Amino acid sequence: MSRQTLFLIDGSSQMYRAYHAFRGKGLSNQEGHTTHAVYVFVTMLRKLMADHKPAYMAASFDLAGPTFRDQIVDDYKANRAAIGVRGDGRADRHRRGVRSR
């Protein structure tokens, strides 16, 4: 009997990687919202699924605002470049991308 595989994805980390992976002007939708990070994020998930065929997959995303990590480590995420304006719905689009797979 083969073992079923569960992949746990750090969605915020992958979202950050996807945002900075795309070079150039980037992609946008009809409303002008950037979509390249969502495209790269979903493409990475699809490749992961095709290559490894996990039985289950779940993704977690950082909460808005400070977390316990900020209390433990003063310079948590201090060297990360910003990924654009928060509140533009980008994280919601990433979450929908995870759910649709």
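The values are calculated or read from the model by the stated rules, or taken from the named source; none is laboratory data. As the structure is a prediction and not an experimental result, all values here were calculated from the model. Every residue, glycine among them, receives a Cβ derived from its backbone with ideal geometry; neighbour counts consider all protein chains shown.
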Please indicate, with yes or no, whether at least one residue in segment 87-96 is touching a helix residue (DSSP H, G or I) at 6+ places or on another chain (Cβ under 8 Å), surrounded by 13 or more Cβ atoms within 10 Å (Cβ to Cβ) and modelled with pLDDT of 70 or more.
-> no
Top-ranked residue in segment 48-85 [being of a type in the set (Lys, Arg), in a loop (DSSP other than H, G, I, E, B) and exposed (fewer than 11 other Cβ atoms within 10 Å of the Cβ); ranked as modelled with the highest pLDDT] = Lys53
